[in-house]
Amino acid sequence: MSYPISKPYLITHSLLPENQETPIQFITSDLINKQFFYKRNHFPYPTFSHLNFWLPVNGLVKRPILLSMQEILQFPSKTVKAVLECSGNKRNLFKPKVYGVQWGKGAISQGYWKGVPLRSLLERSGIKEGAKEIVIEGYDFGKRTDQDKVSGYARSLPIEKALHPDTIIAYEYNHQPIPFKHGYPLRLIVPQWYAMASVKWIKQITIIDDNFSGAFQSIDYVYYPNKVNNQGAFPVTTIHVNSTIQKPLDMEILNTGMHKIRGIAWTGDGKITSVEISTDNGRSWSNAKVNFTDYKSYEWVTWSYDWEITKKGEYTIMSKATDSSNHVQPQIPFWNRKGYGYNAIDQIKVKVE
């Protein structure tokens, strides 16, 4: 008897705007197919003409330029394989709970992004002395719950990050044009930073001589360590060292015998150097087998651990990653009011019977 092929689907949190996460526990490839790439939106999808697309680069520049898609494609290209992780990934694990989209562990994806380095466009226009930040504005816009006016999605980068050779204006994902829902025709890709920086549906690039104060820069995507005030606030930028157990599933029932624990680990500061596993709720730790083959800085690594279990009962399995900058996943996450950057030691529970 034959059975139909089963396949995973995106996990939906909202439809308008569309927010869906990758079923990370079922992903076995380190390249995420576009149909399983998580979707994070603040507003409805934008509408604009793809056929008459122009990208302006203006502001504090020597030569304001207006580039057609054909001209952009003529620049020397670059391809980077990079993790894109929503800064709210794992938000539903914070204690006490925080408001916002209750992302599980699947607001993360990765693949190959091809495009033109942002610095190439900035060099073509010429940055004037005194420039401080590069503002990238998307075509998506709408009303926020905390403002009466309509806002567009825009973010800025400091000059040094904008000029990094691997910060690119991408037009392809996994060797195909970027899907519309992920930023077609042009999306900024900022490796090492949380994905709020990777602005979709780029509308224009503006060089400014001050700190950008747009809502998605100065209100959202800011760490607020205090629940009742804004003291100690600072911006969300670099991805924290992190890991996720993909198999077994949380609360799964297993039989005795050999089981392969597997998962992924990633960081925004350097590279993953080790992953440790505990099967006894953190009392003891063992090194997992990490696949470092062809591993480069911006991507996740896969890891596995062979676990032989002979005794029935309930078990807490934990994973802890360390990176080359000596960052280690903490036992307790850095709590913040908007729920960004969760990276505590990952854990699941299983029952063996």
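Side notes on the structure shown:
- Scan region 123-148 for residues that are surrounded by fewer than 20 Cβ atoms within 10 Å (Cβ to Cβ) and over 24 Å from Tyr45 (Cα atoms) and the total you get is 9.
- Among residues of region 227-239, those that are open to solvent by 60 Å² or more (accessible area, probe 1.4 Å) and over 24 Å from the mean Cα position of the chain (by Cα), counted: 4
- Members of region 30-60 found to be in contact with a helix residue (DSSP H, G or I) (Cβ under 9 Å, 6 or more places away or on another chain) and of a type in the set (S, T, N, Q), listed by number: Asn41, Asn58
- Just so you know, in region 202-237 the residues that are in contact with a strand residue (DSSP E or B) (Cβ under 6 Å, 6 or more places away or on another chain), hydroxyl-bearing (Ser, Thr, Tyr) and not in a loop (DSSP other than H, G, I, E, B) include one that is farthest from Asp346 (Cα to Cα), and it is Thr206.
- Flag for His175 being open to solvent by 60 Å² or more (accessible area, probe 1.4 Å) and within 21 Å of the chain's Cα centre (by Cα): yes
- Filter pass, Ile169 being crowded, with 23+ Cβ neighbours inside 10 Å, touching a residue at least 60 places away in the same chain (Cβ under 8 Å), within 26 Å of Gln35 (Cβ to Cβ) and not basic (Lys, Arg): yes
- Any hit, region 70-82, residues being surrounded by 15 or more Cβ atoms within 10 Å (Cβ to Cβ) and under 16 Å from Met196 (Cα atoms): yes
- Evaluated against (1) more than 21 Å from Pro235 (Cβ to Cβ); (2) in a loop (DSSP other than H, G, I, E, B), Asp166 falls short on exactly one condition, (1).
- Here Ser29 qualifies as small (Gly, Ala, Ser), in a loop (DSSP other than H, G, I, E, B) and within 20 Å of Trp113 (Cβ to Cβ).
- Within region 250-353, strands (runs of 3 or more DSSP E) holding 1 or more residues that are within 19 Å of the chain's Cα centre (by Cα) and buried (at least 17 other Cβ atoms within 10 Å of the Cβ): 257-266, 272-278, 301-309, 313-323, 346-352
- Pairs, first without any contact (Cβ under 8 Å) to a residue 24 or more places away in the chain in region 48-77, second outside any strand (DSSP E or B), C-beta under 8 Å, six or more apart: Ser68/Phe53
The values are calculated or read from the model by the stated rules, or taken from the named source; none is laboratory data. Model, not experiment: these values are computed from the prediction. Methodologically, a virtual Cβ is constructed for each residue, glycine included, from the backbone with ideal geometry; neighbour enumeration extends over all protein chains shown. Quick note on the areas: whole protein, heavy atoms, side chains included, nothing else; ligands and nucleic acids left out. Shrake-Rupley method; radii C 1.70, N 1.55, O 1.52, S 1.80 Å.
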